[in-house]
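The values are calculated or read from the model by the stated rules, or taken from the named source; none is laboratory data. Predicted model, so just to flag it, every value in this text is computed and none were measured. Note that we place each Cβ from the backbone using ideal geometry, even for glycine, and neighbour counts take in every protein chain shown.
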Amino acid sequence: MDIDSCMYVNVGGAGNNQNKFKSPNRKAASKNVKPIEVTNTIKLTNKFEGLEEINDSPESSSDTNEQNKESPKPRIPPIMLKHHDNYAKMLDAIYEKFNIEDNIFGNGFIKVYPKTAEMYQELQEFCKLNGYEFYIIKPKEQRPFRVVIKGLPEEHNTDRIINYINDIGLKATKVVRLTQQRSKKTFTYVPRRT
């Protein structure tokens, strides 16, 4: 056999099936799509079905309602005692009277954490009677808050603002018109366009 004749001879493989193979028509192939039947062999069960029945009972639902109604306890701020040479005697006296063990030292002050609001008031009175130097951090409910009113004209009278706030039922301690730092002119706020 010549080398040239070997190149054109098909021996086995995919070449033998070329007579039997017909390429599909492009349009016919896209139209003859058969739907695939899916059999669901996965068992769908809910492990937590029993929980719905438990929560539907009237006893447990009233318990959960009571838990939702309870508001979180307000955090009681610490009393800050000034650190002295006789701080051990101060802490011993506080421990004997109030049984408070929680205290932290930092920045020259000892933070004493009372357990209840009543104990907070009693501890303040105790420190005043014994002459301990201390300061307190007011709870958030007792702290004053600031209100900024934007867009008022320069001529607007601050006494009217004080009267209006007092009429609402709040106590206005101070009303200040903001001024620019360099020119000391009143600072007018112009609302931004967004």
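Observations
- Identity of the residue in the stretch 74-123, within 33 Å of the chain's Cα centre (by Cα) and among the aromatic types (Phe, Trp, Tyr), that ends up nearest to Lys138 (Cα to Cα): Tyr120
- Residue within the stretch 66-85 that is in a loop (DSSP other than H, G, I, E, B), modelled with pLDDT under 70 and farther than 28 Å from Glu133 by Cα present: yes
- There is no residue in the stretch 36-48 that is surrounded by 10 or more Cβ atoms within 10 Å (Cβ to Cβ), among the charged types (D, E, K, R), over 31 Å from the mean Cα position of the chain (by Cα) and at pLDDT 75 or above.
- Those residues of the stretch 106-162 which are farther than 21 Å from Arg177 by Cα, without any contact (Cβ under 8 Å) to a residue 24 or more places away in the chain and assigned to a loop (DSSP other than H, G, I, E, B), in sequence order: Asn107, Gly131, Gln142, Arg143
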